[in-house]
Amino acid sequence: MTEFPRDEISKRGGDPEEISDRYRDQKPASISVSWSDFVETVCNEDDDIEYIAAIQEALSELRRRKRERDIVMPISAQWETDVQQRLIAEYAFAIPTREALEYLREQGPLIELGAWKGYWAYELDNRGADITAYDID
């Protein structure tokens, strides 16, 4: 198992125990939106976020295929059975938004634990955030 980077956190001015205690009891609210709300939100979001651009492109392709009768399933079902898992594997489970990235950038310096492929750190770094990302791999 990878050791928690306590020295790195301390060097950057944080107390690892205090940081851990601060967030231990917080339970994030569940976010659930309808398919139409998801599509509207994504289509109105910045396409300079690679994940958003990939979703917009995938949705456009599914709409084109539906118009051409290349797929018979509803677009939402096709999304769930085909596109969603591919995008998660390529980018991340959570989709960053402009507001989320800006908020996190302002909170820096940041350490991301369990960064997986480092996609969020990549987007934050592109926006000038001071971030270090760690993952077991």
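Between the DSSP loop rule and a limit of at most 12 other Cβ atoms within 10 Å, which trypsin sites (Lys or Arg not before Pro) in the range 54-137 are left? Taking the range 54-137 and a limit of 12 other Cβ atoms within 10 Å, the loop trypsin sites (Lys or Arg not before Pro) found are R69.
Between Q107 and A94, the distance separating the two model label sites (each 7 Å from Cα on the Cα→Cβ line) works out to 0.8 nm. Across the range 130-137, computed HN-Hα scalar couplings (Karplus, 6.51 cos²θ - 1.76 cosθ + 1.60, θ = phi - 60°) run 8, 9, 10, 10, 10, 8, 4, 8 Hz from first to last residue, x flagging Gly and Pro. Here the range 23-135 has 49 percent of its accessible surface on carbon and sulfur atoms, given a 1.4 Å probe and all protein chains in place.
What FRET efficiency do you get for M73 and W116 if R0 is 22 Å and r is their Cβ-Cβ distance, rounded to the nearest 0.05? Computed FRET efficiency for M73 and W116: 0.15.
The values are calculated or read from the model by the stated rules, or taken from the named source; none is laboratory data. The shown structure was predicted, so the numbers you read here are calculated from the model rather than taken from an experiment. Every residue, glycine among them, receives a Cβ derived from its backbone with ideal geometry; neighbour counts consider all protein chains shown. When the accessible area is computed, the model is the full protein with side chains, heavy atoms only, and any ligands, DNA or RNA have been set aside. Shrake-Rupley method; radii C 1.70, N 1.55, O 1.52, S 1.80 Å.
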